[in-house]
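Worksheet: one structure, shown below.
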Amino acid sequence: MLFPVPGQVLPGGRDMQRELYFVGIGGVGYSYGGARRIVAPGEASAGGGWREWLLQLRNEMTRRIAAALPGPTGGVASAVITGKRGTMPEEVKQAFRDSGLSHLLAIAGLHLGLVGGFVFFTVRGGLALIPWVALRYPIKKIEGASSISL
């Protein structure tokens, strides 16, 4: 439902019509259903490009995680890996809030993935640069242990 911008309620009060006119907004309203995309991902749009690609990547990762780990486990895993908390049940979200761990979900997602990838390649690359260590020890397992300790 879209409506015209409301006028001034009190003389000398806030004038929403004037403010929104200069911002370029011609109406206000609400929707009865969830938001849906009206431009195909392949078409040119204002928010397309790499942002659209990243959004599609996050959605696909969330879908695959939910398929592999059904229920609250998949919801928490997708929230930590992709940052999308929509698949988590409300009681799990509330449990995170009550325990004081909700900040993990706020900084999670791709940030933890980037840090994990950085540690993976740094430790493995560093161990591979030392031929004596790389030829005698399982550097993949050593690196895996260092990533798990994060």
How large is the charge dipole for the chain, taken about the Cα centre, if only the Cβ atoms of Lys, Arg (+1) and Asp, Glu (-1) carry charge, to the nearest 20 debye?
-> 460
Residue-ordered couplings for region 84-95, obtained by feeding phi - 60° into the Karplus form 6.51 cos²θ - 1.76 cosθ + 1.60 and rounding to whole Hz (Gly and Pro as x), are 8, 9, x, 8, 7, x, 4, 5, 6, 4, 5, 5
Ratio for the chain, C-alpha Rg to 2.2 N^0.38 Å, reads 1.61
If the label point is 7 Å along Cα→Cβ of residue 90, which residues in region 68-82 have backbone nitrogen under 19 Å from it?
-> 71-73, 75-76
Accessible area of residue 61, 1.4 Å probe, to the nearest 10 Å²?
-> 60
Where does the chain land at 222 nm, in deg cm²/dmol rounded to the nearest 500, when only DSSP H runs of n ≥ 4 count, each adding -39500 (n - 2.57), divided by all residues?
-> -18000 deg cm²/dmol
Extension gain (nm, one decimal) between residue 115 and residue 63, 0.36 nm per residue minus Cα-Cα | 16.5 nm
Cβ crowding within 10 Å averaged over residues, with 22-29, 81-88, 134-141, 112-119 ranked highest first = 81-88, 112-119, 134-141, 22-29
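Using 1/(1 + (r/R0)^6) with R0 = 25 angstrom and r between the beta carbons of residue 50 and residue 141, what's the FRET efficiency to the nearest 0.05? Provide the component values of the computation, followed by the final result.
Details: r = 35 Å, r/R0 = 1.41.
With a Förster radius of 25 Å, E is 0.10.
The values are calculated or read from the model by the stated rules, or taken from the named source; none is laboratory data. The model shown is predicted, which means the values in this text are computed figures rather than measured ones. Glycine gets a Cβ as well: all are built from the backbone with ideal geometry, and neighbour counts include every protein chain shown. Side chains are part of the model used for accessible areas, which takes the heavy atoms of the whole protein and leaves out ligands, DNA and RNA. Shrake-Rupley method; radii C 1.70, N 1.55, O 1.52, S 1.80 Å.
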